[in-house]
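Remarks on the structure that follows.
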Amino acid sequence: MTRGAASLLPRTIVEAAAILRRREASSRELARLALERVAADPYNAWLARADERALAQADAADRRLAAGGAPLLCGVPWACKDIIGTAGVETTAASRMLEGYLPPYSATVVLRLEAQGAVMLGKTNLDEFAMGSSSENSAFGPVTNPWDPTRVPGGSSGGSAVAVAAGEAVFSLGTDTGGSIRQPAALCGIAGFKPTYGRVSRYGVVAFASSLDQVGPFTATVEDAAIVCEALFGADPRDATTMPLPAEDLRRELGAGVQGMRLGVPREYFVEGMEPGVARAVRAALAVYERLGAELVDVSLPSTDRGLAVYYVLQPAEASANLARYDGVRFGLRVEGPDLVETYRRTRGAGFGPEVKRRIILGTYALSAGYYDAYYGQAQKVRTLIKGEFDAVFQKVDALLTPTSPGVAFPLGAKANDPLAMYLNDIYTLPVNIAGLPGISIPCGLSEGLPVGLQVIASSYREATLFRVAAAYERATEHHRLRPPAATAVAGARWAGHDPGRRRAPGGGGMTLAAAAPVVGGS
Amino acid sequence: MSAIDRSAVEHVASLARIGLTEDEIVRFTGQLSVVLGAVDKLAEVDTSAVHPTASVLPLTNVMREDLVLPGLTHAEALANAPSTDGEFFRVQATLEER
């Protein structure tokens, strides 16, 4: 490379693409740098590395870049949540059940990024089968937060969030069933986006709750999120739940600003239970939007407090059906018993962790004779009400602004024995999945030295508007430039340990502005 | 709706074919009762005039051409199986020989 030997990865896709086109670094050099950082990762963010595969992809990208006309993602290193199937690269969903599983085919989202020439570095850690909000439920150990390694990074896509926040990958993919992209993005201080249900193929993604699951990106900026989505979006003949919509320029409104827009603030999202520091940061963000010329509109989504109940019926019910496939016959763990039923029981008893078992039991209960109408049927009806309330509000406003999570990153173990307390982390994100809407979390400052996320929600298929609203805030503020201190350390150096004095330095003095750091080809 | 008790947890675990330890049965009974307590809020909502939503997608009966496309080979399909026999997945007998 032409700049600094102990360099950092470019922070954004846009920056990486410019570096590659100016020949300041080759894709192979970016991949090697990223793989070094992955190898030195101190947060347990990775479950599998794909070094040889990545370097081969990088060489192919370099040839394509040399030929000219390569797409923006060509040669850019990315991280894949380990619930997304990758041909020949171990895919475990962070479960003992799938330890050693080598998928015979890749998920559509992986093929689409490969078609762009993006370079996959490896697979990232998560809550087992994406069930959790802290990434502590992994069978392979918890992920820690680069802002404070004694705290969780959020979940379930914790490893993918950390990979981007810590500068180990330029972007990553996660999945979001009730907040599993947006909440860890908030807790790690980056952008995380869940597309409208039906925008992105779920083919080849380990199924969790099929009517709620959606794949989406973690990125450093809103523009990068739009770039990744342009590659991911579109109908897939292998997934009948993808919408047949024409390809779309999702960046067309990025610079349009919010002057004259009507932005709804749902009053039910600003009630008890939110940490004061989170409320302060989000209120300050609302004031920024007003200053930018948007009109804030007080709106009501009265069924918001039913969201958790709807979600904790539908999601475990769908999960209990989807996870019936893990029977020790065609793939995965088998623990043999005296007969086939006992083999199933032993296999599933040994292969699933406690949270997965809890949800399968809850879901099976909600679907069982005598309870189906009261739980599952009723939850589907209240789902109709929740969706209807969002639809009505979007007749009056262009987008909604809310907190992403009621609190900042919490200490490891703090909620491990209280499932309901853990579930409440997603109280602001799961209604968006219930209604199938697009939602993004972007950084809006710090509380007690830890990142806070602002959620922007738009109407179905209005991603371009959502990105416009989020980008306007990003342009007006510096919060998205804040990085955890460790992310700006020399490549290969290991995090030296928790230093509360530094983390809690007043005015964010302990934080490092990426703009001031020796970023390769920094613009 | 009532709180889930030990026998309900055992019954549902048996329906779901999950072997639980004694400790898990005790722990899950308490934890699931708390979660179901929160879920019971749903019963308060009047939904007599509401249709259920199974999916938010405005799609029904998605059709495609019935084409023969390449699929997995036997070797690929069997590669992750814990036990195989020739071209087959191997499982324990479910019927007794007479």
message: Please give the Cα centre distance for segment A:178-253 versus segment A:363-442, rounded to the nearest Å.
response: 18
- request: Decide, for segment A:369-486, between rounded, prolate and oblate: order the square roots of the alpha carbon gyration tensor eigenvalues as a ≥ b ≥ c, take rounded if a/c falls under 1.5, and otherwise choose prolate if a/b is larger than b/c, else oblate.
  value: oblate
task: Name the residues whose placed amide hydrogens come within less than 5 Å of the amide hydrogen of A:Tyr101, ignoring near sequence neighbours (fewer than 5 apart) on the same chain.
output: A:Thr91
field: Amide H contacts under 5 Å for A:Arg151, placed H, 5+ residues apart
entry: A:Asn145, A:Leu412
message: Can you sort B:Phe28, B:Phe88, A:Phe394 from fewest to most other Cβ atoms within 10 Å of each residue's own Cβ?
response: B:Phe88, A:Phe394, B:Phe28
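For segment A:47-164, what relative contact order do you get, as a whole percent, if you take Cα pairs closer than 8 Å and at least 6 residues apart? Don't skip to the end; give the middle numbers.
On the way: 252 pairs, mean separation 31.6, N = 118.
Relative CO of segment A:47-164 lands at 27 percent.
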message: For chain B, take the longest principal axis of its alpha carbons; what is the angle in degrees between that and the long axis of helix B:22-39, to the nearest 10 within 0 to 90?
response: 60
- request: Indicate the gyration tensor shape class of segment A:289-358 (rounded, prolate or oblate), computed on the Cα atoms with a ≥ b ≥ c the square roots of the eigenvalues: a/c under 1.5 is rounded; otherwise a/b larger than b/c is prolate and the rest oblate.
  value: prolate
- request: Using only C-alpha atoms and all pairs of different ones, pull out the Kirkwood radius for chain A in Å with one decimal.
  value: 22.8
query: Nearest 10 degrees, 0 to 90: what angle lies between the long axis of helix B:6-15 and the longest principal axis of chain B (Cα atoms)?
result: 20
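With a cut-off of 8 Å between alpha carbons and a minimum separation of six or more residues, what is the relative contact order of chain A in percent?
Reported relative contact order: 19 percent.
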field: Per-residue HN-Hα couplings for segment A:197-207 [Karplus 6.51, -1.76, 1.60; θ = phi - 60°; Hz; x = Gly/Pro]
entry: 4, x, 6, 10, 4, 9, 4, x, 9, 4, 6
task: Scan around A:Arg49 for amide H atoms under 5 Å from its own, H built in the peptide plane at 1.01 Å from N, and keep only partners 5 or more places away or cross-chain.
output: A:Lys123
task: Return the aspartates and glutamates within reach of A:Lys81: Cα separation strictly under 12 angstrom, same-chain partners fewer than 8 residues apart disregarded; answer none if there are no such residues.
output: A:Glu90, A:Asp127, A:Glu128, A:Asp176
message: Students often get this wrong: which residues of segment A:339-357 have the backbone nitrogen under 15 Å from the point 7 angstrom along Cα-to-C-beta of B:Gln92?
response: A:339-350
task: List A:Ile19, B:Ile25, A:Ile442 from most exposed to least, where exposure is judged by having the fewest other Cβ atoms within 10 Å.
output: B:Ile25, A:Ile19, A:Ile442
Mean ellipticity per residue at 222 nm, deg cm²/dmol - from DSSP H runs of n ≥ 4 across chain A, formula -39500 (n - 2.57): -10500 deg cm²/dmol
- prompt: For A:Trp78, A:Trp46, what ranking results if the residue with the fewest other Cβ atoms within 10 Å of its Cβ goes first?
  reply: A:Trp46, A:Trp78
message: Is the C-alpha gyration tensor of segment B:2-98 telling us rounded, prolate or oblate? Criteria: a/c under 1.5 is rounded; beyond that, a/b larger than b/c is prolate, otherwise oblate.
response: oblate
- prompt: Cross-link partners among lysines for A:Lys396, C-alpha distance below 30 Å, same-chain residues fewer than 8 apart left out?
  reply: A:Lys194, A:Lys381, A:Lys387, B:Lys41
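We did not get these values from a lab; they are worked out from the coordinates using the rules stated. Fair warning: this is a prediction, and the values are worked out from it, not measured in the lab. Neighbour counts run over all protein chains shown; Cβ positions are idealised from the backbone, glycine included.
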